[in-house]
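The values are calculated or read from the model by the stated rules, or taken from the named source; none is laboratory data. Only a predicted model underlies this, so the values are computations on that prediction, with no experimental measurement involved. Don't worry about glycine lacking a Cβ; one is built from the backbone with ideal geometry, like all the others, and counts go over all protein chains shown. For the accessible areas, the whole protein counts, side chains as well, though only heavy atoms, and no ligand, DNA or RNA atoms are used. Shrake-Rupley method; radii C 1.70, N 1.55, O 1.52, S 1.80 Å.
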Amino acid sequence: MSQAVVQVLAAVAFAGFAALLARRLRLGLEREIVWAAARALLQLAVVGALIAAIFRVPALAVLFVAAMVLAAALTSGGRLRAVAGSRRHAAVAIGVPALSATGLLLLVGAFDTTPRAIIPTVGILIGGAMAATTLTGRRLLEGLREQFDAVETRLSLGDDVRTAVRPVVRGAMVTGLVPAIDQTRSVGLVTLPGTFVGLVLGGASPATAARTQLVVLLALLAVELLAALLISTAIVARLTAPGERVVLPDPAPDETGDRRPWPFPWRRRGGPSG
Amino acid sequence: MKSVLGIDWESRRRGRLTYDRPVTGDGPRGLIATDVWLARGGRDVLRGATLAVPPGAVTALIAPSGAGKSTLLRCLNRLLEPDRGTITLDGVDVRELPPRELRHRVGLVGQAPVMLDGSVRDNLAYGLRSPLTDDAAAAALTAAGLDDTFAARSAQELSGGERARVALARAVVRRPAALVLDEPTAALDADVARQVGATLRSLAAEGLAVCLAIHDVPFARAVADRVVGLDGLPVPS
Ligand SMILES: Nc1ncnc2c1ncn2[C@@H]1O[C@H](COP(=O)(O)OP(=O)(O)OP(=O)(O)O)[C@@H](O)[C@H]1O
Ligand SMILES: [Mg+2]
């Protein structure tokens, strides 16, 4: 067997094992695991082909980046769909920091202005911003529900909404940033992150790989913090009603499950949509 | 008239024009909710609820559990907004008042009051527009049935009944024109409840519009001048 075939088979075997174990433990996650794995397989195959095309026609890179932001916004916004307009807000929270950071890095000449350099970098930044957006947004909604008595108490004592929800927002942003901070702090000790691995596998010197990884990791800190701030601000604004009131959304019925994956946002199973 | 909490309520009321906006309309004094409808979670919780809380009296609101007492009380300081109906404070629609001004004038002690981080004193001082004096803090605590040693205690480690009383003191210390309390005595023993009842009576005697939602009917009859249901009508004994 060629190495390509072995690679794919090994990957499928791992996913199958995870699905079986999840089923055995009755986590109710086996469908999600299989679905996620199938998506990864399909998406990576398509992306491989697409990127090959982009390397030939660099102008396609713009479209590709736009598609990445859109996909991230739909994924993250879907997790936050209890909030009206969540996908739009996620698009801003993800796109603005990730694209500005990429622009800055290109502007100062930290990366070459070639698809080969830009696409992976912007992909990592968008991915990080997406994770921070989802995590912060969900924690904010949970926190507001859990601590609604405290929010009402502060409002009753004369706070405006922004002040009344500030402790909840802070907590949510901290939660949203923990992965980025841990990843940065443990880099090289616990994980060898994607950029480094990719560059080394691609034949770059470890020193070059480490330098590039450092830039990406530290940029991620700023990008994710900004994403967390943007999504929190948007959610708080959405939940603020005239008269310094906070109106909590009804929880989306399947808020925890990815049952409306982004390629099929219309595939709804019951309940109102966000 | 003897002042409560070292505050001269009468001149404070006369001094209303010192507020940012005039808040006295032509309508009836006190807090009035008229024909309030409110749906929550797709269900009509309030169906034409009516409540009059005149100044200078204690009004007790009695209704079965789940009937919507807490919901109505939240409307009074605009934590909730009715779908239909009006709420007025001294004749002015509460929607006309700046929300934070309204909430300074209508003190609401919720059914599950939360102690904010810090000491009891920090809680009393939270959001006050002028610095809290030790005298005012001690007076508010005393009125709520606590001694002034509580000021320095950490608010998070208080018992349920102590929290209820700090919440009352926290509302009283901001000198509201109306005081709205949701089950203020639920966590209190009979003696302390009586003491709180006496405080509410003296606050009303100084001109506050006092309203409490309460399950304990005998207590309501002992403390309140009027005992009413959600329809605004007196509850027959
Ligand atoms: N956020 C909400 N969403 C949906 N329904 C709610 C919400 N809050 C309260 N309700 C419902 O509104 C009804 C009235 O609630 P409310 O808390 O006003 O009752 P209450 O008269 O204060 O009861 P109790 O005496 O037990 O405190 C209840 O049936 C409750 O389930
Ligand atoms: Mg209640």
What about A:Pro272, is it at pLDDT below 90 and open to solvent by 70 Å² or more (accessible area, probe 1.4 Å)? yes
Can you name the residue in the range B:175-195 that is away from ligand 2 (no atom under 16 Å from the Cβ), modelled with pLDDT of 90 or more and touching a Lys or Arg at 6+ places or on another chain (Cβ under 9 Å) and, of all such residues, is nearest to the other protein chains (Cβ to nearest Cβ)? B:Pro176
Which of the residues that make up the range B:147-187 are without any contact (Cβ under 8 Å) to a residue 60 or more places away in the chain, open to solvent by less than 40 Å² (accessible area, probe 1.4 Å), part of a loop (DSSP other than H, G, I, E, B) and more than 16 Å from ligand 1 (Cβ to nearest atom)? B:Leu158
Name the one entry in A:Arg170, A:Arg154, A:Arg166, A:Arg139 that is under 18 Å from the mean Cα position of the chain (by Cα) and without any contact (Cβ under 8 Å) to a residue 40 or more places away in the chain. A:Arg139
Just the residues that are under 18 Å from the mean Cα position of the chain (by Cα), charged (D, E, K, R) and at the interface with another protein chain (Cβ under 8 Å from one of its Cβ atoms), please, taken from the range B:91-142. B:Arg100, B:Arg103
Tell me, which residue of the range A:150-193 that is touching a Lys or Arg at 6+ places or on another chain (Cβ under 6 Å) and away from chain B (no Cβ under 14 Å) is surrounded by the most Cβ atoms within 10 Å (Cβ to Cβ)? A:Ala172
Criterion (under 30 Å from A:Arg138 (Cβ atoms), touching a residue at least 40 places away in the same chain (Cβ under 8 Å) and not hydroxyl-bearing (Ser, Thr, Tyr)) met by exactly one of A:Leu42, A:Leu74: A:Leu74
Here's a check for you: in the range B:40-77, which residue that is hydroxyl-bearing (Ser, Thr, Tyr) and either open to solvent by 40 Å² or more (accessible area, probe 1.4 Å) or farther than 21 Å from B:Gly30 by Cα (or both) is farthest from ligand 2 (Cβ to nearest atom)? B:Thr50
Grab the strands (runs of 3 or more DSSP E) fully contained in the range B:24-81, keeping just those with 1 or more residues being among the aromatic types (Phe, Trp, Tyr). B:31-40
Which of the residues belonging to the range B:79-114 are open to solvent by 20 Å² or more (accessible area, probe 1.4 Å), within 21 Å of A:Leu144 (Cβ to Cβ) and of a type in the set (Lys, Arg)? B:Arg100
